[in-house]
Amino acid sequence: MKNNENIVETETSEKIHIDMMKSYNKYLNGEELTKLDKELVILMLDDYLEIKKLSEGDEELMEVAERLYELTNNIDNIGLYDPEKRRKEEEALKIEYHSNIAREEGIEKG
């Protein structure tokens, strides 16, 4: 891990798997969300009002929501996002994810 000055604070590391869809499904189902769930869901939402509502009550998340709003409405940023390209990237990631799960299940069964 590195601190804000890019200085290594620890030599140890561990691999952590985060399932963003699990958090997103909890959000869609109206289940209680942890702060991490909210952070992950905010990364997936594209509607500012939803992001703002989700961030209410958490000062850090409200600041993130405001910054996202500013970036989204900055004339210099408009046009940088290509939805079709993003859709293809997401599809490729889903295929890779499911392939990895299938591989892990095969190894476990083997």
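Every number here is computed from the coordinates shown, using simple stated rules; none is lab data. In this text the structure is predicted, and so the values were computed from the model without any measurement. Glycine gets a Cβ as well: all are built from the backbone with ideal geometry, and neighbour counts include every protein chain shown.
The separation of the range 92-110 from the range 3-61, counted between C-alpha centres, amounts to 24 Å. Going from the fewest other Cβ atoms within 10 Å to the most, the residues His17, His98 appear in the order His17, His98.
Computed over the chain, the Cα gyration tensor eigenvalues convert (square root of 5λ each) into semi-axes of 28, 21, 18 Å, ordered from largest to smallest. Among the listed pairs Lys53/Lys88; Lys52/Lys85; Lys22/Lys53; Lys15/Lys109, a Cα-Cα separation exceeding 24 Å is found for Lys53/Lys88; Lys52/Lys85.
Shown here for the range 20-60: GluC sites (Glu not before Pro) in loop regions (DSSP other than H, G, I, E, B) with at most 11 other Cβ atoms within 10 Å, namely Glu31, Glu32, Glu56. For the options Ser55, Ser99, Ser23, a Gaussian network treatment of the chain with springs between C-alpha atoms closer than 10 Å singles out Ser99 as fluctuating the most. Modelled label positions at Asn73 and Tyr97, each set 7 Å beyond Cα in the direction of Cβ, lie 3.1 nm from each other.
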